[in-house]
Amino acid sequence: MKLVCLILLILDGITDSIHFVFLFLHPCFLSLITDQFAVVGSADPVFAFAGEDVLLPCSVKPNISVVDMKVEWFRLDQKYSVVHLYEDHVDRNTEQIQSYKGRTELNHQQLQTGNASLRLSAVTVSDDGRYKCFIQSSSWSDDATINFKVEAVGSPPVITVDGFDRSGGLHLQCDAEGWYPEPDLEWLDSEGVKLSPETTETHRNTDGFSVKHTVTVHQRDGKIHCRVKMKHHMMETLISSTRNMYIYWRTSVTVISVSVVFTVIAGILIAVAVYKYREYKQLQRENSSMKSAINHLRKLMVKVTLDAESAHPNLIVSEDGKQVKCGNTQTVNEGNNRFTYYLGVLGKEGFCSGCFYFEVQVKDQTVWYLGVARESANRKDWIRPSPGNGYWTVCQRYKEYNALNDSFSLSVIPLRVGVFVDYEKGLVSFYDVESMSHIYSYTGQAFNEKLYPFVCLGYYRNKNFTPLIICDVTNEKSK
């Protein structure tokens, strides 16, 4: 009898265990476990300007490792939509949209903390859209949608005079190109009152929007403004409407005389010739002044030797420390002072007072950053080379120029760039040495530690193997 009771007790325990296991595997119970995890992105749109790098946020909350999970980024507004795919511990981007090739990156170390944010470099207008971050394990999945907005600042508005109408009204046309999203273009009189445009034209291309507005004004004296603006940027151009313009119109209408026409033409030609001559002399004076300024700066020229111990592993620094170029990955000691993302290298010598100047040959190189960096500047992470991060630079990326989020154009491609620093005044200036012209200046900066010369060939990779060359101080001082 005791044996029977013992067997019954054992069977009863096994039955309870089976019930517990089935309860644990039941979908309702599993949902209680997995519902505590969620993929989160950004509730607000993420903004970036064309040409910048951006981080599209995505992570699992509470934080758990997603190293063993599938992470997929794709576009919601495109049929063929794979932006980046991570699966089985590796990136699998064979099916990636062609325009994203080489421009996307997940930080594999951050995946251990549940951070699956996507780094997108060199943002273009076509990147604007809605993205989905999808994370999947063997037992659950979730996703988050990120609304990414790209803004491109185009050319300043250009006003052209299109003649007079029969009533004496002055026809004006204003054009602005390369803006994204579509900007607002508006006319204002000298009092700031908006004028209604007569015709408007808008065209869209791969670079953004081109907008054209025309207006007719009868204002005798004053300034007419054409303004183009977006959410974060505004540019404006003005033209002076003078009484003499209208007097000329009345005269030309009422006095139809060949002699008057010839006189007016001759007067215009003479005026143009005088203006061109004055412009030429002014340009001569400016060039002479700039040449004197650069010759003065060369008296402050310092010896710069590149520090190979700080160089990115994909850079090759010459033995004399005067040249740097991209090459195959080098077998080097990683160290704490070496750049690991930007293809950068510092000079060996640092400066903490006074003025100094150096020149770098950039001829035939299509991507470069030049300037100075403070001693404690971050060399490891994906950060923008900006004053807030300890970098004062000017950069060229395929004939586009940028400094402190300001994009600008140059009439001549620089072959050699001069960098001047006045430590006490907080001034960093850049010059095109060959054309004797000023490029850009940082003013009112506050320096409180050593500054080192900084040269860089971009980030990730640079297929142009032309070196950047530190110009020899001895040869320059002897000129």
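Numbers at a glance
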| read-out | value |
| --- | --- |
| The stretch 48-166 - charge dipole about Cα centre, Lys and Arg +1 at Cβ, Asp and Glu -1, debye rounded to 20 | 100 debye |
| Kirkwood hydrodynamic radius of the stretch 149-209, from inverse mean 1/r over distinct Cα pairs, in Å | 13.3 Å |
| Overall form of the stretch 368-450 per C-alpha gyration tensor (a/c, 1.5; a/b vs b/c) | oblate |
| Cα-centre dipole for the stretch 133-219 with unit charges at Cβ (Lys and Arg positive, Asp and Glu negative), debye to 20 | 80 debye |
| Mean accessible surface per residue for the stretch 390-479, computed with a 1.4 Å probe while every protein chain stays in place, in Å² | 49 Å² |
| Accessible surface of the stretch 34-108, 1.4 Å probe, proportion on carbon and sulfur as whole % | 51 percent |
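The values are calculated or read from the model by the stated rules, or taken from the named source; none is laboratory data. Treat the numbers as computed from the prediction; the structure is a model and nothing was measured. Cβ coordinates were reconstructed from backbone atoms using ideal geometry, including for glycine residues, and neighbour counts include every protein chain displayed. For accessibility, only protein heavy atoms count, side chains too; no ligands or nucleic acids. Shrake-Rupley method; radii C 1.70, N 1.55, O 1.52, S 1.80 Å.
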